[in-house]
Structure formats: C-alpha cells, structure tokens
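In what follows, a single structure is set out as structure tokens and then discussed.
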Amino acid sequence: MNTIDRRRLLGMLGLGAGAALFAPLHAALAQVPRNLLANPTFERDPFQLGVASGEPAPDGFVLWTRLAPHPLEQGGGMVMQPMAVRWELAEDESFARVIRGGDVLARPELAHSVHVEVEGLAPGRPYWYRFQIGGAVSQVGRTATLPAAGARVDRVRFAVAGCQHYEEGYFTAWRRIAEEPIDFVFHYGDYIYEYGDGGAGERMLNGRPFTNLRRHAGGEIYSLDDYRRRHAQYRSDADLQAAHAAAPWFVSFDDHEIDNNWAAAIDQDGTPPELFLLRRAAGLQAYYEHMPLRRSSLPTPQGHMQMFRRAAWGDLLQAHFLDTRQYRSDQLNNGRDGDFGEAGLDPARTMLGARQEAWLHDGLRPDDGRRWHVLAHQVGMANLAMRRDGEIIYSSDQWSGYMSARRRLLGHIEEAGMTNVVTVCGDAHRHFASDLMQDEGDGKVISSEFLATSVSSGSDGTGESDEFHHNTRALNPHLKAMTDKRGYVLCDVGRDHWRGDLKVLDRVTVPGEPVRTHAGFVVEHGRPGLQSA
Ligand code: FE
Ligand code: CA
C-alpha cells in the first residue's frame with residue numbers, strides 16, 4: 001500500500017469495524033487491489049447507463065450498474081483503475097429501511113461494470129437499490145425476490161420482449177413495459193444490433209423507404225471496445241433504462257449480440273471458426289458486462305457463457321431459459337429459407353446441444369408439482385410455412401430448420417404427458433400466436449407459443465394487410481394471430497388459465513406512443529392450445 005492508508009481502505013470496503021451490517025464481500029474482492037483508485041471524482045454523472053437487476057431467486061438477485069461518465073468514449077471515459085462502488089438495498093422506496101449494503105469493485109477488465117449477488121433475503125417481496133461513488137448517486141431501481149420454493153402462488157405476470165434496433169424506432173415499448181404491473185421481464189435477444197451506422201439518407205426497410213431516426217455510432221462492430229460502445233449507446237436510452245429499473249430481468253442473447261444468424265463457431269460469411277470465435281468472445285464479454293447476470297455466466301477465457309438455467313415461482317410456474325445459439329448445428333441451405341426435406345430430419349442436427357437437451361428433458365416432468373412450465377427461448381418453434389414466388393418455404397434459422405430437434409422436444413413433452421407447457425420467444429419482428437404440433441400438424445396440439453414482435457426492429461409495422469400476412473395466415477391454420485406492429489407480449493399466469501396478450505404500438509417513429517392489445521389468448525391448464533380471450 002503506497003499512497004493509501006490501509007485501515008481506512010479496509011473500512012471503506014466494509015471489512016473493518018461496522019462491517020457486520022453488510023454482506024460479506026465476494027471472495028475475489030476480499031483483497032484490496034494494489035492499483036485501487038481510492039478517491040475517484042467525476043466531472044459528469046458516472047451512472048448514465050442506469051441500473052438493473054436480474055436472476056431473482058427466493059433469497060436474492062443480481063444488482064447491476066456500470067460506471068461510464070462518457071458512455072461513447074473509449075473506456076466509458078473512466079480512469080483505468082479499479083474503484084469501489086457503494087451499493088444499498090432497502091425495504092422501502094425512500095430508503096428509510098436500508099437492510100444491506102457494501103462496496104463492490106468496478107474493474108477496468110469488466111468495463112467498470114458491477115454485479116452484486118445479494119443473498120439471504122426474504123422471499124416474495126420487493127426491494128429497492130441504488131449505487132454511489134465520488135458523491136454521485138444512481139437512480140433507484142426496484143426489484144423483487146421470487147416466492148419461497150414450493151409456496152402456493154396464484155398469479156405471476158411477465159413481459160416478453162427483444163429485437164430493439166436503435167436506428168429503426170424509439171424504445172417506447174420498454175417505457176410501457178416499465179408501467180406494467182409485472183413480476184419480471186424475459187428478454188429473448190437482439191438486445192443490440194451489430195450493424196454499422198445506417199447513414200443519414202433514405203434506405204429501404206421491409207420494402208419501404210425509411211430514414212434512420214437515430215444512428216449507430218461507428219461501423220459494424222468486431223472488437224470488445226466496439227461491442228461495449230454499442231451496448232453503452234443502447235443503454236443510454238431512457239425508456240430502456242426505465243424498464244430495467246422497474247423489475248428484475250432474465251436475459252438471453254440471440255444472434256445480433258454477436259452477428260446475424262451465427263451458429264456455435266460459425267458465422268454467415270464463411271469466416272474461419274477460430275477467427276469468428278475471437279469476435280464471439282468479445283461480443284459475449286460485453287454482453288455479460290452490461291447484463292444483470294450471475295458470476296456463473298461470466299464468459300470463460302474460451303468465450304463460452306453458461307446461459308441455460310431455470311427459475312421457479314413457487315408451485316405455479318417453472319421457467320426453463322434456453323440457449324439456442326452456442327450449441328446449435330449450422331443453418332441448412334447457407335442460412336437461406338427453403339424447403340429442407342430430409343436434410344432437416346437428420347437426427348445429428350441439434351438446436352440445444354446434447355447436454356442442454358438432456359437437461360431440458362430432465363426438467364420437463366409432469367410430477368414436479370408445478371402448475372405450468374414455460375420454455376423461454378429465442379426463435380420460433382411454430383414451423384410456419386411461407387410462400388415465396390409460388391414456392392412453399394420455411395425459416396432456416398428458426399426451429400423449422402432443425403426439425404429433428406423439434407420432433408425430439410415436442411415428442412418428449414407429449415410422451416411425458418405434459419399438457420401444461422407454454423413457449424415464449426421472438427426474433428421474427430412480428431407477433432405470432434400459434435398452437436404447436438408435430439411437423440406440419442397432425443391435429444394433436446402439444447403446446448402453445450407466444451412469439452413476441454420487435455420493440456423497434458423493422459420500424460412502424462403495416463399491421464395485418466400485407467401479402468406476407470395473407471399468405472402466412474392461409475397456409476398455417478395453427479397460427480391464430482399475427483401482426484407486424486411493434487410491441488411485446490404480456491403473460492398473466494394463473495392456476496387454471498394462462499393469458500397472453502399481444503401488445504402493440506401503432507408507431508415507433510414518434511416517441512410516447514400509447515400501447516393497446518392487438519389480440520389476447522387463453523390457454524387452459526391441462527388443455528394445450530390457444531383459445532380466444
Ligand atoms: Fe431481431
Ligand atoms: Ca434474431
């Protein structure tokens with residue numbers, strides 16, 4: 001210790017007298033780093049990226065923030081030294097009853113993000129949190145623990161959203177989600193888009209001329225700094241920050257957090273896998289840094305993140321969060337949609353990888369005492385037939401490009417006698433509410449799917465009048481509703497009924513648009529399939 005008084009520092013880090021009130025520091029932080037910056041000061045607010053919480057359990061959750069006084073500058077405008085951030089957890093919104101707190105190190109290795117894993121709290125109740133450093137105080141976030149394991153729970157509400165292209169629309173859907181009385185948010189992916197600045201001029205978007213509302217900083221992103229800067233730009237959005245501050249989230253990444261339509265070690269451009277993996281590692285590190293994830297999801301030096309996991313809301317709902325990117329087989333047909341025939345049925349093809357698939361089947365048991373199971377994943381399972389130039393084609397990136405894996409999963413659900421499984425996902429930039437059956441449909445409904453439209457990707461939708469809409473509705477009787485308006489899915493889960501609402505905003509090209517319900521469906525417990533609400 002050169003310039004710093006050790007005793008004062010230990011006190012500051014919660015290790016000295018008075019530390020009893022505070023949670024023990026994470027083992028890795030128990031040692032004061034030699035290069036600690038003891039008295040940081042900031043010319044601008046270091047909390048401009050907001051706060052977040054996630055991964056709730058019955059006894060705790062993760063609290064997140066990142067110090068970045070200049071979010072778009074290299075290093076977020078931070079001094080490249082570790083420094084201590086104070087966190088506080090209260091039982092009330094005004095912080096009259098602070099029950100936990102401590103100091104956590106924000107390190108340059110992780111872009112001065114912090115992930116506090118709080119434990120030992122009471123189940124099934126809300127908490128409020130905030131951070132402080134150098135005289136600056138963050139906004140206040142609200143979060144909650146899950147109900148106690150096995151407790152009787154009568155109702156859980158959550159939002160499903162993702163696909164938030166910054167240039168193509170305002171994130172008003174996130175503001176509306178922040179206003180919903182929900183227990184949690186599931187983000188299915190496409191949190192950022194990797195594309196470069198789309199320019200100031202008119203461009204074509206979904207066959208219509210479009211001018212960017214906002215612009216990506218810089219070109220297509222490859223390096224860790226690029227990915228950090230893109231996350232910082234998105235996270236500067238006040239509507240997105242409001243949704244993070246309103247409820248705990250469970251996040252999952254899809255393709256655009258790294259690169260369009262990537263699959264395991266393979267990108268869409270034919271890049272050598274050993275090079276793509278370097279880019280993937282950079283993208284996943286930045287993703288970890290910006291999300292309220294547990295340390296168990298910290299990327300390995302090889303660039304792998306552990307993302308499939310479960311959470312339960314007492315005896316009401318068991319959620320299985322899936323990872324359909326890191327372990328999947330490469331897309332058929334070079335990633336182009338098509339009619340894959342026998343190739344799609346190759347049993348060697350996988351969407352989840354053998355280990356995750358076994359883990360999922362193991363967790364999908366009818367005797368586990370939960371009223372409902374939800375598969376929270378990324379891309380559609382509905383196997384929608386689409387018409388293109390007189391030809392019938394299927395998505396190569398969704399489960400329809402992985403029919404053997406789809407058969408195994410739906411087959412397991414059916415054979416296990418599980419009539420209480422609902423799936424939620426996104427990626428298609430349209431709402432799709434569907435019954436799930438094997439293959440092209442044999443009349444036996446196995447599960448039900450709410451696929452959420454985008455928050456902003458694709459900009460304002462046209463609604464239900466385009467040719468794609470007419471063709472797709474006509475070809476797929478198991479598809480019960482669709483629209484390309486932007487928005488999110490709201491699920492209201494009760495003991496006997498699961499209600500899913502397709503929420504839409506008529507415009508994302510203007511801020512502050514109200515939300516309305518395009519369509520609502522109910523799934524009856526024990527009877528798979530969507531019924532009009
Ligand atoms: Fe997307
Ligand atoms: Ca996607």
What is the residue count in segment 95-126 for residues that are in contact (Cβ under 8 Å) with a residue 40 or more places away in the chain, assigned to a strand (DSSP E or B) and not acidic (Asp, Glu)?
-> 11
Qualifying residue in segment 408-424 (condition: open to solvent by 30 Å² or more (accessible area, probe 1.4 Å) and free of Cβ contacts under 8 Å to residues at least 40 places away in the same chain) = yes
Please give the number of the condition VAL160 fails out of (1) open to solvent by less than 10 Å² (accessible area, probe 1.4 Å); (2) more than 16 Å from ligand 2 (Cβ to nearest atom); (3) touching a Cys at 6+ places or on another chain (Cβ under 8 Å).
-> (2)
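The values are calculated or read from the model by the stated rules, or taken from the named source; none is laboratory data. Just so it is clear, the model here is predicted, and its values are computed rather than measured. Positions of Cβ are generated from backbone atoms using ideal geometry, with glycine treated the same way; all protein chains shown enter the neighbour counts. To get the accessible areas, we keep the full protein, side chains included, count just its heavy atoms, and leave off ligands, DNA and RNA. Shrake-Rupley method; radii C 1.70, N 1.55, O 1.52, S 1.80 Å.
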